[in-house]
1. Which residue out of 37, 110, 46, 6 is surrounded by 11 or more Cβ atoms within 10 Å (Cβ to Cβ), modelled with pLDDT of 80 or more, β-branched (Val, Ile, Thr) and not in a loop (DSSP other than H, G, I, E, B)?
2. Can you tell me which residues in the range 175-190 are over 35 Å from the mean Cα position of the chain (by Cα) and farther than 19 Å from residue 227 by Cα?
3. Please list, ordered by first then second residue, the pairs with beta carbon atoms under 7 Å, 6 or more apart or interchain, first in the range 39-54 and over 25 Å from residue 66 (Cβ atoms), second surrounded by 11 or more Cβ atoms within 10 Å (Cβ to Cβ) and not small (Gly, Ala, Ser).
4. So residue 245 passes all but one of these: (1) under 26 Å from residue 107 (Cβ atoms); (2) surrounded by 14 or more Cβ atoms within 10 Å (Cβ to Cβ); (3) in contact with a His (Cβ under 8 Å, 6 or more places away or on another chain). Which condition number does it fail?
5. Of the residues 253, 272, which is of a type in the set (Gly, Ala, Ser), surrounded by fewer than 15 Cβ atoms within 10 Å (Cβ to Cβ) and closer than 30 Å to residue 100 by Cβ?
6. On the basis of being modelled with pLDDT of 80 or more, surrounded by 10 or more Cβ atoms within 10 Å (Cβ to Cβ) and assigned to a helix (DSSP H, G or I), does residue 120 make the cut?
7. So, residue 25, is that one over 30 Å from the mean Cα position of the chain (by Cα), modelled with pLDDT of 80 or more, surrounded by fewer than 11 Cβ atoms within 10 Å (Cβ to Cβ) and outside the structural domain of residue 150 (by TED's automatic domain parsing) or not?
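The values are calculated or read from the model by the stated rules, or taken from the named source; none is laboratory data. Here the structure is a predicted model, which is why all the values come from computation and not from measurement. Every residue, glycine as well, gets a Cβ built from its backbone with ideal geometry; the counts of neighbours run over all protein chains shown.
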Amino acid sequence: MANDRIVERRRVFKQYKEDVAERGKPFYPFAMLHDTIMSLVVVMVIVGLAIVWKYTTPGNHHTIDPGWLGRLYDAPADSGTINFVPRPDWYFYFLFYLLRIFKWPETVVIGTVGLPTVLLIILIAIPFIDTRSERRLSRRPVAVVASILVVISMGVLTYKGATAKEPLASENLALVPKWSVSEGFAGNPTAVAGAKLFAVAGCMNCHTYNGAGGAYPGAPNLTDEGKKNKGIAFQISHLKCPACVNSGSPMPSFAGLGDVRLKQIATFLEASKGPKH
C-alpha cells in the first residue's frame, strides 16, 4: 500500500513537471511582472487613501472633526481618567473574547496559550497529514466542513469581542456600600470616595478585595491592608511609583490620578482592616 502511494505520487509529480514544461511560463519575467504591477497598484491605493484622508478633514490640521475617512487627531489624552477601558485591535477580538470565556486565573492559560497553540499546530500539520492531490471541494468534505466551522467560530468570537460590554467596573462599584459597612469606614467620606476609585480605576483587575477582584498571581489581597499600618504617605508613594517602593514590582503607576484621588485611595486602603465581626 505504501509503495503504491509513492509510485502514484511520483507519477503525478512527473506529469506536473511535463505540464509545466509544455504549457507553463517561467517566473521571470511573467510572474515577476504581474507581482510588480500588483504591488504598485496596492501602494498607489494606499497613497491615494492617505491623500483623501489628509485633505478631506475640515478645518485646520489640528481639528478632531472627522473627514471622509475619519479623524486626523483625537482629543488630547486625559492621564487622570478612570473610565478608559483598553481594548485590542479588531483582529484580536476573538482572543479578547476567549479571555472572557476562560476568565478564572486557573484557566486563563488555556484561552491565551493552550487553545490557540493547539489550533495553530493542527493548521500547520494538515498539509503533512492530508497529502492527496485531490482538490475538488465536493471530494474533500472534512476539509470543507472544518474550514466552514473555523470561519464561523472566528466570526462569532470576533463579533462577541467587538460588542462585549465592560460590566466589571459597575459591578465592583455596587459593592462599595457593602465594603464600607463590613470594613467600618462608612462614616469616612474620603475612604468611601477612595473605595469608589479603587473599584473603577482598574485596581481590581489584579487585586482582590472582600472576595471580589482579579486574584492575579502575585497581587496581594487588600481586604486587611490597613492592619499593616503603613500610613497614608507610604500608600501614596507606592501608588505613584510602585517599582520605586518595591523593586521589580510589575504594578503600573497611578500618578496620573492626581494627588487628591491618590489620597482618597490611600485613605481607603488604610481604613481597610478586614471585615468587622
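1. On the way: 37 fails: surrounded by 11 or more Cβ atoms within 10 Å (Cβ to Cβ); 46 fails: surrounded by 11 or more Cβ atoms within 10 Å (Cβ to Cβ); 6 fails: surrounded by 11 or more Cβ atoms within 10 Å (Cβ to Cβ).
Matching residue, one of 37, 110, 46, 6: 110.
2. Of everything in the range 175-190, just one residue is over 35 Å from the mean Cα position of the chain (by Cα) and farther than 19 Å from residue 227 by Cα, namely 189.
3. Taking only residues 6 or more apart or on different chains, not a single pair turns up.
4. For residue 245, the failing item is (1).
5. Working: 272 fails: surrounded by fewer than 15 Cβ atoms within 10 Å (Cβ to Cβ).
Step by step, each of 253, 272 is checked, and only 253 is of a type in the set (Gly, Ala, Ser), surrounded by fewer than 15 Cβ atoms within 10 Å (Cβ to Cβ) and closer than 30 Å to residue 100 by Cβ.
6. Working: modelled with pLDDT of 80 or more: yes; surrounded by 10 or more Cβ atoms within 10 Å (Cβ to Cβ): yes; assigned to a helix (DSSP H, G or I): yes.
Yes.
7. Numbers: over 30 Å from the mean Cα position of the chain (by Cα): yes; modelled with pLDDT of 80 or more: no; surrounded by fewer than 11 Cβ atoms within 10 Å (Cβ to Cβ): yes; outside the structural domain of residue 150 (by TED's automatic domain parsing): yes.
So residue 25 does not fit the description; no.
For (1) within 30 Å of residue 7 (Cβ to Cβ); (2) in the same structural domain as residue 266 (by TED's automatic domain parsing), each residue gets a yes or a no:
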{"residue": "136", "(1), (2)": "yes, no"}
{"residue": "152", "(1), (2)": "no, no"}
{"residue": "160", "(1), (2)": "no, no"}
{"residue": "178", "(1), (2)": "no, yes"}
{"residue": "185", "(1), (2)": "no, yes"}
{"residue": "193", "(1), (2)": "no, yes"}
